[in-house]
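Every read-out reported here was derived from the displayed coordinates using simple, explicitly stated rules and does not represent laboratory data. This structure is a prediction, so every number in the text was calculated from the model and none was measured. Positions of Cβ are backbone-derived with ideal geometry, glycine not excepted, and every protein chain shown enters the neighbour counts.
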Amino acid sequence: MFRALKKRGIHISKLFMSLVLIAATAVSSGCNNSTESSTVSESNEEIGSNEVLFVLEGNDDAESEAAAPTESTLKMSIAGDYIIYDTTYNYANSLAGGDGYDFAPMVKNLRQFTEKCDLNYYNQETILGGTELGLSSYPEFNSPWEAGDAMVDLGYNLVSTATNHTMDAREAGILSSCEYWNSKENVFMTGSFDSRESRDEVHVLECNGITYSMLSYTYGTNGIPVPEGKEYLVNVWSAEGNDPQNDAEYQNYKNQVKKDIEAVRDKVDFLIVCIHAGIEYQADESAYQDDMAKFLADNGVDLVIGTHPHVIEPAEYIGDTLVYYSLGNLFCAQMQDQYYNKVVSILATFTVKKTVENGETKITFEDIDNELMYCYYNQSTWRDYYIVPFSSPEIKEYLPGYQDVYEHYKSIFLKKDPTLPVAEYAE
């Protein structure tokens, strides 16, 4: 059961358990997310008519029972950059018989991962401004809404949209994108916004007894300025160059990130932050990525999801914080080299476990599986796009020498933490 709520403490005595007031909004089925029903205003401290009142009676053993640890779990998948080029949407148009755009056949292999999970995340690299604004490709993208439909139909319900391409279709593109995502009742999108109020809203979501939220930031917008006074359109944590310690603008924005975290941290069990930053096509994380990850870990973030370099970078724990520096391109039409580095990515699945003991909540990650994914396309015709897991027997058909490619990226991914699992390739 998914619901949005505001957490309050519960006091337990030997004679009875006191009334518990939980500020709740509309309830939606499953573990999906709704940008409308999940929103809680930070200033709303008064009891409203839609709050739920629970009366729980206790007994003499209440204290001992309360001291016993309790556990809750949810299953989650995370995937990388979803980039829509003109060759891709033209192929999608042909799959739809010239009437609209059908991306479903290209991404259908993702369902085997998403159908097993409660929460499924991906990064929408190119803005979904829709056909009414005119579709476009590199260097300034605008993608059809149908590209998002294919992912939503697969079960993707967490989406980050703060990228270096967010401003490509200017303000109109963002407003149209927000209109699209706001129409999806079971999806939570963050990173770009249609108003200051939307940007500052505090979202508390719930799945399987675990409350959670997600924040999203990009290092920049490819030099396209965000309109003055409308900085809310996209979260820009400026991070260009390789000297974060002496970057005053970057350091100053940490105050905003810290404020965003503090607004939600004590209201949720599980906090995710998505960072779109790093150096393109570089297999090692940048100094900025390192500094961001440490800052986020120090401020209580549980999961850091990195995108933008378009290639796989390592993953590691910083304390209890799980950090993926770059998942790579989940789906794209970028040129390929010897190791297909722009079309190989990591798709991770894991169990998020919440343990409550003596009033303290702890989040851990279990059953982690990191799967290498290949985005095939016919390099002669720029058609026939198709995502293939390395663990699928299909990989033999679509990627000659896949064993060497696998070993290459496995070594990169495990560079910082060789204990992390990587799913085996098909024999």
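Across region 197-208, coupling constants 3J(HN,Hα) worked out from phi with the 6.51/-1.76/1.60 Karplus curve, θ = phi - 60°, read 4, 5, 4, 8, 5, 9, 9, 10, 10, 9, 8, 6 Hz, and Gly and Pro carry x. Going from the residue with the fewest nearby Cβ atoms within 10 Å to the one with the most, T114, T190, T70, T126 rank T70, T114, T190, T126. Scalar couplings 3J(HN,Hα) for region 124-133, obtained by applying the Karplus form with A = 6.51, B = -1.76, C = 1.60 to θ = phi - 60°, are 7, 5, 9, 5, 8, x, x, 5, 4, 8 Hz; x denotes Gly and Pro. Ranked by the mean number of other Cβ atoms within 10 Å per residue, highest first, peptides 223-236, 267-280 order as 267-280, 223-236. Rounded to the nearest 5, what % of DSSP beta bridges with both residues in region 72-413 are antiparallel? Around 55 percent of the beta bridges assigned by DSSP in region 72-413 are antiparallel ones. Any idea what % of Cα-Cα pairs in region 265-375 are farther than 24 Å? The answer is 29 percent, as a whole percent. The order of S326, S216, S136, going from fewest to most other C-beta atoms within 10 Å of their C-beta, is S136, S216, S326. Annotation: amide H of N120 within the under-5 Å range of S77, N157, L158, sequence separation 5 or more or interchain, hydrogens built in the peptide plane. Normalised Debye scattering of region 72-413 at q = 0.13 Å⁻¹ gives log10 I(q)/I(0) of -0.97, counting only Cα atoms as equal scatterers and leaving out solvent. For the set K259/K416; K116/K184; K108/K362; K354/K410; K75/K410, the pairs lying more than 25 angstrom apart at their alpha carbons are K259/K416; K108/K362; K354/K410. Aspartates and glutamates within cross-link reach of K267: Cα-Cα under 17 Å, excluding same-chain residues under 8 positions apart? Straight-line reach from K267, under 17 Å: E42, E45, E46, E51, D200, E201, E206, D302, E360. Remark: region 73-80, residue by residue, has Karplus-estimated 3J(HN,Hα) of 9, 9, 9, 9, 10, 9, 9, x Hz, where x stands for each Gly or Pro and the curve is 6.51 cos²θ - 1.76 cosθ + 1.60 at θ = phi - 60°.
Residue ranges 367-374, 257-264 sort as 367-374, 257-264 when ordered by packing (mean number of other C-beta atoms within 10 Å per residue, highest first).
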